[in-house]
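The values are calculated or read from the model by the stated rules, or taken from the named source; none is laboratory data. These numbers come from a predicted model, not from an experiment. Here the Cβ is made from the backbone with ideal geometry for all residues, glycine too, and neighbour counts use every protein chain on show.
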């Protein structure tokens, strides 16, 4: 059986390395203007995807588990735009920090504690919501990879 410290650190490291570091790596060569550009009519911008990840983690982990006072405005995550890159990334980094710190604080009992939230009927416990948030985040990292390649190709 995997030990509690391994579970705690694995989730924290996943969000810091596979999500946060990868997003920073991908947006580094892009301007603030580029991150808000939609290279395909059917796609979100990188900026909107980062807003979405920030809102997702702040709500599902921050509000629902860590007890922050974050109030999510999900529709704005896909319609807001133009925020400077450094400001966007600071909010994203704060969400990752809260998520990783919350993972590191979970006890055996916490992982199996009941969980419920808006738009999340299938996550019955905290372990499941961390797993779902990790998968959701990397799904959008994959989209950001393709959007960044297209934006750099058109530069």
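Structure summary
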quantity: Matching residues in region 87-104 - criterion: being over 15 Å from residue 70 (Cβ atoms), without any contact (Cβ under 8 Å) to a residue 60 or more places away in the chain and touching a helix residue (DSSP H, G or I) at 6+ places or on another chain (Cβ under 8 Å); calculated: 88
quantity: Per-region count, region 39-60, residues assigned to a loop (DSSP other than H, G, I, E, B) and either at pLDDT 95 or above or under 26 Å from residue 116 (Cβ atoms) (or both); calculated: 2
quantity: Residue under evaluation residue 9, criteria (1) over 12 Å from the mean Cα position of the chain (by Cα); (2) surrounded by 20 or more Cβ atoms within 10 Å (Cβ to Cβ), criterion not met; calculated: (2)
quantity: Residue 131 modelled with pLDDT of 95 or more, crowded, with 17+ Cβ neighbours inside 10 Å, out of contact with any strand residue (DSSP E or B) (no Cβ under 9 Å at 6 or more places or on another chain) and in a helix (DSSP H, G or I); calculated: no
quantity: Conditions (1) surrounded by 16 or more Cβ atoms within 10 Å (Cβ to Cβ); (2) more than 15 Å from the chain's Cα centre (by Cα); (3) at pLDDT 95 or above; (4) outside any helix (DSSP H, G or I); number of the one not met by residue 29; calculated: (1)
quantity: Boolean, residue 99 is within 24 Å of residue 36 (Cα to Cα) and modelled with pLDDT of 95 or more; calculated: no
